[in-house]
Structures are given as structure tokens and as C-alpha cells.
Amino acid sequence: MPVTARDVARVAGVSISTVSRALAKPDEVSPETRDKVLSTARGMGYRPNLAARGLITGRTGNIGLMVPDLENPFFAAVAKGVQGKARTAGYAVVLADSDEDPSRERDLVLGMASQVDGLIMCSPRAPDSVIQQLADECTIVLVNRECGGLPTVSMDNLDGIRQAVNHLRALGHRTIAWVGGPVTSWSTQRRLEALKSVTAQDPELEVIDLGSFQPYVSGGISAGDLVIASGATAVLAYNDLVAFGLLKRFRQRGVRVPEDISVVGVDDIPMSTLTTPELTSVGIPLVNCGRAGVDMLLSLVRDPSTPPEHHHDLTFRLVVRESTGPAPDAHPGV
């Protein structure tokens, strides 16, 4: 037989009403009692009746998540963090994929708004004006995007790019090519701004902006010949997928990595260790980004007047692998 709230109350040593409040209105019970009830419920495999809870609280028990491309490992990792954190909090996740199409995001969010208590938009491509309008229809938290005063799980692109540039400079590289992502991507703009800001502090460094490309392996393949023709000794890619495409095109052209050119990606997805050579990349714990988004969203759902907070490590870290080495005209330590 299925476990009931009465069973949870009996094992936890509390009343049924306390179990109900701990699950539906956790802010109305003490943290110790809430943790005890939730731990007991999980251990017993209790599944609350979301429909019944919704009638009492006026909430759906669902949160929404919209991503540009679920096939991209970046967004899959964020979704994993959202799913795990939401499940722990007793929420289900309604997922939408805009397929990198900014025009679809508005319809997707409006379609979900009545089905969820709040929504996480991860790296939305829509203009600020559209996102602000959507925030009037639904409680929204942004991940990897800033828009006015909306609550945001931010990523310090400046720090990540600085780590990548400092690494390349230490290897003797002075001319760095940039292969950007979609024009509509907020990350593309912020990372290019960060790259220009960091290199502007060193007159010996030159950045060659090769423009925007699709955020897939195919985008990197398309950019490969331009990188070779640019004369750069190193290239920084918008993300790891683009970097994989660069590695493939360089291999096809007989350009050696890292002997002839060094390659750095961004995101440090797990596949970065499976390439030949293994990819040097700078990234953050993406699962933590999803968890942080849920923390912020649920704090707003429970009390809109309280500034949302999260306590997760979102620090960029450079992971040096085989795709970076001394510049062709330099020696280690130069």
C-alpha cells in the first residue's frame, strides 16, 4: 500500500497537520522539524498528492525550466541540477526547449505559466524587453543572463576569461583569435567584452574577433579555416562544442594542436577529456547553477518580499589539458 501522510507523521513523531505544513508551507515550521519530516518522507518513499496540496496552497507543485538546446551538455548539466534540487523540495519540473530560437521563448513561457509556480530561464536568447514582459506573467529567475532587476544566477565571465588569457600569455601567446557563439547569446557578448577588457591591459596582446558561429561542433568546423588564416597562435572558443569543431578542422588541415596552435574552450563539459588532444577549458560546476536557480525561485515563491539567495560554488576554474602549449615562436617560461 502507498505511504500516507499519517504514516509519515507516526514515524516522525509529529502531527498530520505538521507534516502537511512541512510539505506545503515549509516556512511555517521550524527548520529542525521540517528537515525531520522531509527526511522521514524521503526514507519512506512518500509521494504527496500534488493536486490536493494545490487546492490547499494555491500552488501547482511544479516549476518550469526553459533552455535553448537540451542536446547541449551545458544545458543538460544545468537541467540535472534543477531536477535534483526540485525533487528534494517536493517539486516536479516542466521542461521546455526553444531550439535556439528566440521567437519561440515567449510562447513557451506563456504556455507554461499557468502550470507552474515559477520558471527558470537558462541563457534565454530573447531581448530584454520580452523577458521583462514575461516576468509580469510568471515568477522568473534567470540563469546565465542578466536583465534589469530580475533575480539572476550570475556567472563571472570576466574571471573565467582572465584565467584563460593568463594561461595563454604565460605560454608565450600574443595573438589570440576569438570564435564567438550566436549573436543573440548574452554569454557571447559578455565573454567577448571580458576578452577585450583583459587584453586591453597588456599592449602586447592582440585579439582577432572572427565573428559569430553556431554553438555546435559544426560552428567550430566553419570557423577553423578563418582561425588558420588569421595567423593567431591561440584560439578561444565560445564553448567546448565549438572548440571540438576547431580541433576537427585543424586535424583535417594538418594543423597540429598544440604545436602549431593552442585551443581553449569554455564550459569544461565532461567530453572535454575525450577529445584528441584533450581540451583545455574553463568552466564552473554547472549542476550547481541549476541548484542555485531552484533555491532562488522557491525562496521567491514562498516569500516574494525576501531577497532570494543561494549558497553554491559558482567559481570558474581553468583545467589545463593537452590542447594548449607554448606558442610556436616562444619557449616555456617566456
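Details
- Listed residue (Gly211, Val8, Thr33) projecting farthest to the positive dipole end of the chain, Cβ model: Val8
- Karplus-derived 3J(HN,Hα), 6.51/-1.76/1.60, for each residue of region 221-237, Hz, glycine and proline x: 4, 4, 7, x, 5, 5, 5, 4, 5, 5, x, 5, 9, 8, 9, 10, 9
- Computed E for Asp329/Met44 - FRET, C-beta separation, R0 45 angstrom, nearest 0.05: 0.10
- Alpha carbon centroid spacing (whole Å) that separates region 215-284 from region 76-112: 29
- For region 121-244, the share of alpha carbon pairs falling in successive 10 Å distance bins from zero is 13, 39, 30, 14, 4, 0 percent.
- Just so you know, the Cα atoms of the chain work out to an Rg and Dmax of 23.2, 74 Å.
- Among beta bridges identified by DSSP and lying wholly in region 157-283, the antiparallel ones come to about 0 percent.
- Size of charge dipole - region 68-220 - debye, nearest 20, with Cβ of Lys, Arg +1 and Asp, Glu -1, no other charges: 440
- DSSP beta bridges fully contained in the chain are about 10 percent antiparallel.
- At full extension, Ile208 and Asp159 could sit 15.6 nm farther apart than now, given 0.36 nm per residue minus the alpha carbon distance.
- Modelled label reach - Arg302, point 7 Å along Cα→Cβ, region 90-119 residues with backbone N closer than 13 Å: 90-91
- Extending 7 Å from the Cα toward the beta-carbon at both Asn166 and Glu137 defines two label points whose distance is 4.4 nm.
- Dipole magnitude of region 157-283, debye to nearest 20 (Cβ charges: Lys/Arg +1, Asp/Glu -1, about Cα centre): 200
- Springs join every pair of Cα atoms under 10 Å in this Gaussian network model of the chain, and among Val282, Val301, Val78 the largest mean-square fluctuation is at Val301.
- About its Cα centre, the dipole of region 231-334 is roughly 380 debye, where the only charges are +1 on Lys and Arg Cβ and -1 on Asp and Glu Cβ.
- Per-residue ellipticity at 222 nm, computed for the chain from helices alone with -39500 (n - 2.57) per DSSP H run of at least four residues, works out to -14000 deg cm²/dmol.
- Residue of Lys248, Lys80, Lys36 that the Gaussian network model of the chain assigns the largest fluctuation, springs spanning Cα pairs under 10 Å: Lys36
- Kirkwood Rh in Å, taken over region 237-333 so that all alpha-carbon pairs contribute: 15.5
- Across the options Cys289, Phe316, Gly254, the greatest Cα extent toward the positive end of the charge dipole of region 235-334 (unit charges at beta carbon of Lys, Arg, Asp, Glu) belongs to Gly254.
- The simple Förster model, with R0 at 41 Å and r as the Cβ-Cβ distance, assigns Gln115 and Glu278 a FRET efficiency of 0.45.
- Average projection area in nm² (convex hull over Cα atoms of region 88-192, one quarter of hull surface): 8.6
Coordinate-derived values only; no laboratory data. What you see is a predicted model; the values in this text were computed from it and never measured. In this analysis, Cβ positions are derived from the backbone assuming ideal geometry, glycine residues included, and neighbour counts consider all displayed protein chains.
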